[in-house]
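S.K.: Below are the structure tokens for one structure; questions will follow.
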Amino acid sequence: MSNRESILEILSKAKAASSVSPDRAIEMSNEAYQMSRDGGFKREEGFSLLGAAYGYRVKSDVGNLLDMSLAARQIFEELDDHEGLMRALNLAGVAYFYSSLYEEAMRNFLKALDYSKVVNDPFLESSVLNNIAEVYRETLSYNKAIEFYKRAEGLSRENGLDINRAVILGNIGEIYLKESKPEEALKCFESGKMILKDMNDPISLAEIESRIGQVYQAMGGRAEAEEQYKKSLAMLETLENKYYSIDILTNLASLYAETDLDEAMELLAIAISYAEEIDAKKKISSVYRQIASINEDYGNYSVALDYFKLYCSYSEKQSNLALGNRLEILNIELKHTTDFEQLNQLKDRFEHEIKLQKLEIERMNEMNRSLEKKISEDELTGILNRRAINKKLHEIAEAARDEKFFLTVYMLDIDNFKMYNDHWGHSDGDKCLISITKAISSIAWSRNDIFGRYGGEEFVYIARTKDYDTALGLGEEIREEVEKLGLYYGNGSDKTPTTISIGGVVGSGEELSSVPRLLQMADDQLYISKRSGKNRVRLISLD
């Protein structure tokens, strides 16, 4: 056997090993590369670089994938080898695609497609067409994506490339699903399923079963969707494939979240454990985002915020990693070019990527702020809620102890609010709460005080005060401001004004050591104020 034949045999074995043992494939390709250089076999040298690139593709090592592809392209350009160029350009396009550099990816894929006119390789051509469609899909150009997917699917059908065809049908179905065309999506998925049933590819079959479940879920068929998801999950668990199982678990969780929060959270907890086992950081981030979203829908804003912060943390790490990958790609491109104009373009593109990352971080921060606001804000009135009031009171009481200033805690309650609701109805009752809130908030804003809704028709107002008399005066000001609103219930001689009763406690220094005691004492004074005839202020001093 000649050296050239030995090299080709090694490369054939490397290609067969690349999908199951990429490190071994890279090792064999490097061996073939060295033999090619020693023997002066330039074409084999290029294909050895491509062999290593295929291994790096499986490993998602984008930097080495691009480096090997560009090095191979240079060799094939010197040789004017069209097949080699088509393969090298396709792999370079994949590297750019993985880095979300879609313009560069498309440029390489289209160049590769040009060579299909002279390279008779239907499998490679259909792969390039599929990759072009993927770029269009990622950039939301769905009509163009379907156009190229269908070209790839037709080519695969004509040449008996069944696995290729099933994958492409699945991709087309995904777009129809995104476009809210479930019937068209289902046809594509069922066609792909029929092909895969005759093939030995259980992972692809499980994936398409899950997609069919998504269609049923979109069409409101909960039972059918659940059946598909469970069937898909059972296949993957038999194969002990945790990577794809995570997707099925999140699909099931989204289904259960409509009616059973606990069941959904249990499934997502399993998904996180799987993702942590295989160190799938991107999937961990996605699951955290889903948990945050579901809990936000249920009004569990505190839980939602905790998980959203975890999502942000993982996303920021992923963004930094992606930026690092793009910097690595930039350095690799610099290594393979001497074109000054192209160097400037690369520099501009990298600066643009940094700008986009900053915008994404700001977007996440804004969502974070929005959730924090929901956690601390009363949904109806927009003022602080009970949780936030308790937190603020602990903080200001501690400051008052340290700085020894007077602090007054008022408990406010709308008098006979049930009668107001019964007379006018709950909708007007809500308007009453909002009107009173606005009136008292205007005082709080002018003084930089703290005001919030403690629950129902009860409120808490916290203020720095000079002494007892000042605190009493402020209490009267609040009471009078509500009285001025002229709210009432009843008719004729039974017409009764809507007022508030106030109870409070005034103190300073160590007297403020127990926040629960402060609230209880203020509440006790409120009770006395109510018993004494309502629409009045009653305070007690801790001195």
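The values are calculated or read from the model by the stated rules, or taken from the named source; none is laboratory data. None of these values were measured; they are calculated from a predicted model. A quick note on method: Cβ atoms are made from the backbone with ideal geometry, for glycine too, and the neighbour counts reach across all protein chains shown.
S.K.: Kindly provide the set of residues from region 113-141 that are of a type in the set (Val, Ile, Thr) and either part of a loop (DSSP other than H, G, I, E, B) or on the phi > 0 side of the Ramachandran plot (or both), ordered by number.
M.R.: Val118, Val119, Thr139
S.K.: Another question about this same structure. From Leu85, Leu79, which residue is assigned by TED's automatic domain parsing to the domain that holds Ala53 and either farther than 17 Å from Leu129 by Cα or basic (Lys, Arg) (or both)?
M.R.: Exactly one residue qualifies, and that residue is Leu79.
S.K.: Looking for something in a helix (DSSP H, G or I) and touching a residue at least 40 places away in the same chain (Cβ under 8 Å) - is there at least one such residue anywhere in region 233-242?
M.R.: no
S.K.: In region 227-238, is there at least one residue being touching an Asp or Glu at 6+ places or on another chain (Cβ under 9 Å), surrounded by fewer than 22 Cβ atoms within 10 Å (Cβ to Cβ) and closer than 30 Å to Lys187 by Cα?
M.R.: Checked against the condition, which is being touching an Asp or Glu at 6+ places or on another chain (Cβ under 9 Å), surrounded by fewer than 22 Cβ atoms within 10 Å (Cβ to Cβ) and closer than 30 Å to Lys187 by Cα, region 227-238 yields at least one hit.
Yes or no, residue by residue, for (1) touching an Asp or Glu at 6+ places or on another chain (Cβ under 7 Å); (2) at pLDDT below 95; (3) surrounded by fewer than 20 Cβ atoms within 10 Å (Cβ to Cβ):
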position: Asp38; (1), (2), (3): no, yes, yes
position: Ala72; (1), (2), (3): no, yes, no
position: Val94; (1), (2), (3): no, yes, no
position: Met106; (1), (2), (3): no, yes, yes
position: Tyr142; (1), (2), (3): yes, yes, yes
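S.K.: Let me ask something else. Among the residues of region 507-531, what is the count of those that are of a type in the set (Ser, Thr, Tyr), surrounded by fewer than 18 Cβ atoms within 10 Å (Cβ to Cβ) and under 17 Å from Gly475 (Cβ atoms)?
M.R.: Of the residues in region 507-531, 1 are of a type in the set (Ser, Thr, Tyr), surrounded by fewer than 18 Cβ atoms within 10 Å (Cβ to Cβ) and under 17 Å from Gly475 (Cβ atoms).
S.K.: So is Glu476 at pLDDT 95 or above and of a type in the set (Asp, Glu) or not?
M.R.: When the stated conditions are applied, Glu476 passes them.
S.K.: Please go through (1) assigned by TED's automatic domain parsing to the domain that holds Asn3; (2) crowded, with 23+ Cβ neighbours inside 10 Å; (3) more than 30 Å from the chain's Cα centre (by Cα) for Leu65 and return the number of the only condition it doesn't satisfy.
M.R.: It fails just one condition, (3).
S.K.: Kindly indicate whether any position in region 94-106 is over 28 Å from the mean Cα position of the chain (by Cα) and not assigned by TED's automatic domain parsing to the domain that holds Val58.
M.R.: Within region 94-106, not a single residue is over 28 Å from the mean Cα position of the chain (by Cα) and not assigned by TED's automatic domain parsing to the domain that holds Val58.
S.K.: Scanning for something assigned by TED's automatic domain parsing to the domain that holds Leu474 and under 42 Å from the mean Cα position of the chain (by Cα), does region 402-409 turn up at least one residue?
M.R.: Looking for residues that are assigned by TED's automatic domain parsing to the domain that holds Leu474 and under 42 Å from the mean Cα position of the chain (by Cα), one finds at least one in region 402-409, hence yes.
S.K.: Whether any residue in region 488-498 is under 47 Å from the mean Cα position of the chain (by Cα), surrounded by fewer than 21 Cβ atoms within 10 Å (Cβ to Cβ) and of a type in the set (D, E, K, R) is what I want to check.
M.R.: No - not one qualifying residue is present in region 488-498.
S.K.: When you check Tyr243 against the structure, is it out of contact with any His (no Cβ under 6 Å at 6 or more places or on another chain) and surrounded by fewer than 21 Cβ atoms within 10 Å (Cβ to Cβ), yes or no?
M.R.: Here the answer is yes, as Tyr243 does meet what is asked.
S.K.: Let me ask another. Going by the conditions given, is Ser6 surrounded by fewer than 21 Cβ atoms within 10 Å (Cβ to Cβ) and assigned by TED's automatic domain parsing to the domain that holds Ala72?
M.R.: Judged against the criteria, Ser6 is a match.
S.K.: For region 437-487, which positions are surrounded by 15 or more Cβ atoms within 10 Å (Cβ to Cβ) and part of a strand (DSSP E or B)?
M.R.: If the condition is that a residue be surrounded by 15 or more Cβ atoms within 10 Å (Cβ to Cβ) and part of a strand (DSSP E or B), then Ile450, Phe451, Gly452, Arg453, Tyr454, Glu458, Phe459, Val460, Tyr461, Ile462, Ala463, Arg464 are the ones that fit.
S.K.: Just to be sure I understand the filter: pairs with C-beta atoms under 8 Å, separated by 6 or more residues or on different chains, first member in region 138-160 and more than 17 Å from Ala185 (Cα to Cα), second member crowded, with 23+ Cβ neighbours inside 10 Å and among the β-branched types (Val, Ile, Thr). Which pairs pass?
M.R.: Final answer for the pair search is Ala152/Ile168; Ser156/Ile168.
S.K.: Would you list the helices (runs of 4 or more DSSP H) that sit entirely within region 7-102 and hold 3 or more residues that are over 20 Å from Glu125 (Cβ atoms)?
M.R.: Here the list reads 22-39, 42-58, 62-79.
S.K.: Next question, about the same structure. Which one is nearest to His423 (Cα to Cα) among residues in region 489-500 that are in contact (Cβ under 8 Å) with a residue 60 or more places away in the chain and not in a loop (DSSP other than H, G, I, E, B)?
M.R.: Tyr489
S.K.: Can you name the residue in region 251-273 that is among the polar types (S, T, N, Q) and surrounded by fewer than 21 Cβ atoms within 10 Å (Cβ to Cβ) and is also nearest to Ala206 (Cα to Cα) among such residues?
M.R.: The extreme case among them is Ser254.
S.K.: Output the qualifying pairs, or none if there are none: Cβ atoms under 6 angstrom, residues six or more apart or on different chains, first residue in region 466-488 and closer than 30 Å to Asn421 by Cα, second residue of a type in the set (Lys, Arg).
M.R.: The qualifying pairs are Tyr488/Lys495.
S.K.: Now for a different question. Sort out which residues of region 395-426 are of a type outside the set (Lys, Arg), in a helix (DSSP H, G or I) and within 20 Å of Lys495 (Cβ to Cβ), and write them in order of number.
M.R.: Once the filter is applied, which keeps residues that are of a type outside the set (Lys, Arg), in a helix (DSSP H, G or I) and within 20 Å of Lys495 (Cβ to Cβ), region 395-426 yields Phe417, Met419, Tyr420, Asn421, Asp422, His423, Trp424.
S.K.: Also: Give me the residue from region 157-190 that is among the small types (Gly, Ala, Ser) and surrounded by fewer than 20 Cβ atoms within 10 Å (Cβ to Cβ) and, out of that set, nearest to the chain's Cα centre (by Cα).
M.R.: Across region 157-190, the extreme among qualifying residues is Ser180.
S.K.: Consider Ser204 carefully, then state whether it is without any contact (Cβ under 8 Å) to a residue 40 or more places away in the chain, in a helix (DSSP H, G or I) and farther than 19 Å from Glu277 by Cα.
M.R.: no
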